[in-house]
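Sharing a structure with you now.
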Amino acid sequence: MSHSTSACKTSTSTLPEQPGVLVVRKHHFLVRWSHWLNVAILLGLILSGISIYWASPVYQHKPDPNTGNFDVAADIGIWICAHVPGQHHYSSPSDWIYNHVSLGPGMLALALRLHWLCAYLFMLNGMVYVAGLVRGGGWRSLLPRWTDLLDALKMFRYYVGFPFAKLARRQWLHPRFNTKYNALQRAAYFSVPVAGFLSVATGWEIHKPMQLHWLAALFGGYNAARVWHFWLMWVYILFVVPHVILVFADGWDTSRSMIVGWSARVGRSEVVGNEQ
Amino acid sequence: MNNEGKGDIPSTGVEPEVKSVSVKKRQSFFGERPLPAIEKAPRVLRYRSRRDFLVFGASTLAALAGAGYLLPQDTLTRLGVLQNMNSPAMEWFLNKALRIDDDVAEALYSVNRRVPTYTKSQITPLKNNYNGATPDPGYIPAWKLTLDGLASGLNISLDIRNLLTRFSVHEQITRLVCVEGWSAIAWWAGLRFDDLLRAYPPMSQAKWARVESSVNLDASGNSDPYFMSLDLATASHPQTLLATHFNGQPLTVDHGAPLRLLVPVKLGLKNVKAVTKLTYVAEEPRDYWAERGYSRYDGI
């Protein structure tokens, strides 16, 4: 630390008047790094994944007699261009989805290379995350418990009622918990690593269906594993949207804690001592 | 596992240390612990926060630069980046990643591991994937399989009758997996590549086969030769066939009459139709799809 001697002197002299701030250690260094790295890696996996999906869509129907189109994602693009204002003159409606939520159509080789690069990084990053959870002891806060069933309902009721209470200007109290996360948070933060593990397992299954055919059997066969892999992507998307909204709603301390590691919300915590 | 209420100690900061230790002892291994609180000088906290924000901010910029560097030019153009960003260094980097993945695939391969086989009721339709540009069957009557790079130094030509009378025919119902993601379970019959390797041994230093095909025209009829590399370790797998029959009938032009390579431990693109020539070589030969950005080994 870059203390100058004079700064040291002032800090010792002002210590009685200005005691240190009490903060809690919230996120381990490795957890924070893997969290932010995951933003980039998951984005890369999803964008390249949808480009790969283009080559052989999981959801197909009999070719349309007029257009020859068989891809449900292309149908959605065509619908968007027909009904969404400002999209009527889009040049290739059947590619709309691929042009907007993937790297693009018709680039399978490149998409595969990027997907595998991101997949190896995702696996490495998952190990970093687990190491951070173990070293920081954070894994204990993620474990589900029996009381979660009822507590999750309480939280659900709170979120559902929140907008109505705001509109009616009624007081609407947040349920109180003396744990790091509430039951819904815990369910979400526990599900994401599980989904990550399943994505990796189904990904290997699709990548090596012959050498790892026992994996395919676990997920119900090669084609079923592709469907699993596709819907696991939606787990991340459906997680990220409320996650980002709620983190911002929860306040600056919560967002900051994922960067700096500490939180100034010293609720139920244990004093370890004065560090430095 | 619930320990709520058990470790409920008020965190005033003046708690005697002995008490927190005794609480810890009662906790189960899986029980959630209170977050450790630490006292820090505001100045230290400010300094550390500033450092962390700068480091994470710089990393975000680096990630954006990295993404811009790795994204395909088509994607960048759509995002409004008109300048050509793709460089040989990026190609090198992505190829490096691909080679690592190929090495993993090669490490996973075992000549003793059989791929799953299926029953006839599990057979699914197999499209020919020519997308309407099925080749003219005119090549079939004059078709011959040529072997080159043999230990004998000779150049051997075999017709389909030679192959079918000299070698025993094996049947298998296996899955063919395309790089695009679709797959099909089909019933194949043919001779084992391994039997051919035993009957006509390659030269001792050979590690690869260069496979050529009579399917050499693109959809608009222009010359577009197909050539593919196959490692001999995979060629000698007991389920690697030189298939002559599909669903109990001799191969049609759709599926590579009169002889196609059936190598279920590789992606469909290595399952070359209408094989005309096998050349055994020491160095890895060129590969049609590897030159178009796909992997080389393609083991699945």
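All of the numbers you see were taken from the coordinates with simple rules; none came from a lab. Keep in mind that what you see is a predicted model, and the values were worked out from it rather than measured. Cβ: placed from backbone, ideal geometry, glycine included. Neighbour counts: every protein chain shown.
Mind listing the long-range amide H neighbours of residue B:276? Cut-off is under 5 Å, sequence gap 5 or more, other chains count too, H placed in the peptide plane at 1.01 Å from N.
B:212, B:213, B:214
Still on this structure: Where the centroid of each part is defined by its Cα atoms, how far is segment B:113-136 from segment A:134-197 in Å?
Using only Cα atoms, the two centres lie 49 Å from each other.
What ³J(HN,Hα) values, in whole Hz, does the Karplus curve 6.51 cos²θ - 1.76 cosθ + 1.60 give for segment B:32-47 when θ = phi - 60°, with x put for Gly and Pro?
Karplus values, whole Hz, x for Gly and Pro: 5, 9, x, 5, x, 9, 9, 9, 10, 5, x, 5, 5, 4, 5, 4.
Quote the FRET efficiency, to the nearest 0.05, computed for residue B:144 versus residue A:124 with a Förster distance R0 of 60 Å and r equal to the Cβ-Cβ distance.
Numbers: r = 50 Å, r/R0 = 0.84.
Efficiency for this residue pair is about 0.75.
Can you work out D for segment A:15-67 in µm² s⁻¹ from Stokes-Einstein, where Rh is the Kirkwood radius over C-alpha pairs, the temperature is 20 °C and the viscosity is 1.002 mPa s?
Translational diffusion coefficient: 132 µm²/s.
What is segment B:116-292 by shape, rounded, prolate or oblate, if you read a ≥ b ≥ c off the alpha carbon gyration tensor as root eigenvalues and call it rounded for a/c under 1.5, prolate for a/b larger than b/c, and oblate otherwise?
rounded
Sorted by packing (mean other beta-carbon atoms within 10 Å per residue), highest first, where do A:54-63, A:112-121 land?
A:112-121, A:54-63
Normalising by the residue count of segment A:9-168, find the relative contact order in percent from Cα pairs under 8 Å and 6+ residues apart.
RCO, segment A:9-168: 30 percent.
Can you list the HN-Hα couplings for segment B:218-229, worked out from phi with the Karplus curve (6.51, -1.76, 1.60; θ = phi - 60°), rounded to whole Hz and with x for Gly and Pro?
After applying 6.51 cos²θ - 1.76 cosθ + 1.60, I find 8, 4, 9, x, 8, 4, 8, x, 9, 9, 8, 9 Hz.
On a C-alpha basis, how far is the centre of segment B:229-300 from the centre of segment B:172-189 in Å? Whole number, if you could?
So the separation of the two Cα centres works out to 13 Å.
With all distinct Cα pairs included, what does the Kirkwood hydrodynamic radius of chain A come out to in Å, to one decimal, could you say?
Averaging 1/r across every pair of different Cα atoms and inverting gives 22.6 Å.
Here's a follow-up. Can you give the mean number of other chain Cβ atoms that lie within 10 Å of the Cβ atoms in peptide B:175-185?
Average per residue, whole number: 5.
Say each of residue B:61 and residue A:240 gets a label point 7 Å from the Cα, pointing the same way as Cα to Cβ; how far apart are those two points in nm?
About 2.4 nm, to one decimal.
A follow-up question, please. Just want to confirm a number: the relative contact order over chain A, from Cα pairs under 8 angstrom separated by 6+ residues, in percent. Display every interim value, and only then the final one.
Numbers: 258 pairs, mean separation 64.3, N = 276.
Reported as a whole number, the value is 23 percent.
In degrees, nearest 10, range 0 to 90: what is the angle between the Cα axis of helix B:17-26 and the longest Cα principal axis of chain B?
Tilt of helix B:17-26: around 40 degrees.
First check a/c for segment B:77-197, with a ≥ b ≥ c the square roots of the eigenvalues of its C-alpha gyration tensor; if it is under 1.5, answer rounded, and if not, answer prolate when a/b is larger than b/c or oblate otherwise.
Verdict is prolate for segment B:77-197.
Given the Cα atoms of chain B, and with Rh set as the inverse mean 1/r over their pairs in the Kirkwood sense, what is Rg to Rh to two decimals?
1.24
Here is a follow-up. Report relative contact order for segment B:116-292 in percent, whole number only (criteria: Cα-Cα under 8 Å, sequence separation at least 6).
27 percent
Something else: On full extension of the chain, what length is gained from residue B:169 through residue B:232, given 0.36 nm per residue of separation minus the C-alpha to C-alpha distance?
In short, 20.6 nm is gained.
Quick check on chain B: helices-only [θ] at 222 nm, where DSSP H runs of length 4 and up contribute -39,500 (n - 2.57) each and the sum goes over total residues. Nearest 500, please.
-8500 deg cm²/dmol
Further, regarding this structure: With a/c under 1.5 counting as rounded, go ahead and sort segment B:173-251 into rounded, prolate or oblate using the C-alpha gyration tensor (a ≥ b ≥ c being the square roots of the eigenvalues; past the cut-off, prolate if a/b is larger than b/c, else oblate).
Because a/c hits 1.5 or more and a/b fails to exceed b/c, segment B:173-251 counts as oblate.
Spelling out what I want: for every residue of segment B:107-123, take phi, set θ = phi - 60°, compute 6.51 cos²θ - 1.76 cosθ + 1.60 (Karplus), and round to whole Hz; glycine and proline get x.
Going residue by residue, I get 5, 6, 5, 9, 5, 8, 8, 7, 7, x, 10, 10, 9, 4, 6, 8, 4 Hz, with x marking Gly and Pro.
Determine the calculated [θ] at 222 nm for chain A from helices alone, applying -39500 (n - 2.57) to every DSSP H run no shorter than 4 residues and normalising by the residue count; nearest 500 deg cm²/dmol. Don't skip to the end; give the middle numbers.
Working: 11 runs with 178 residues, N = 276.
Dividing the helical sum by the residues of chain A leaves -21500 deg cm²/dmol.
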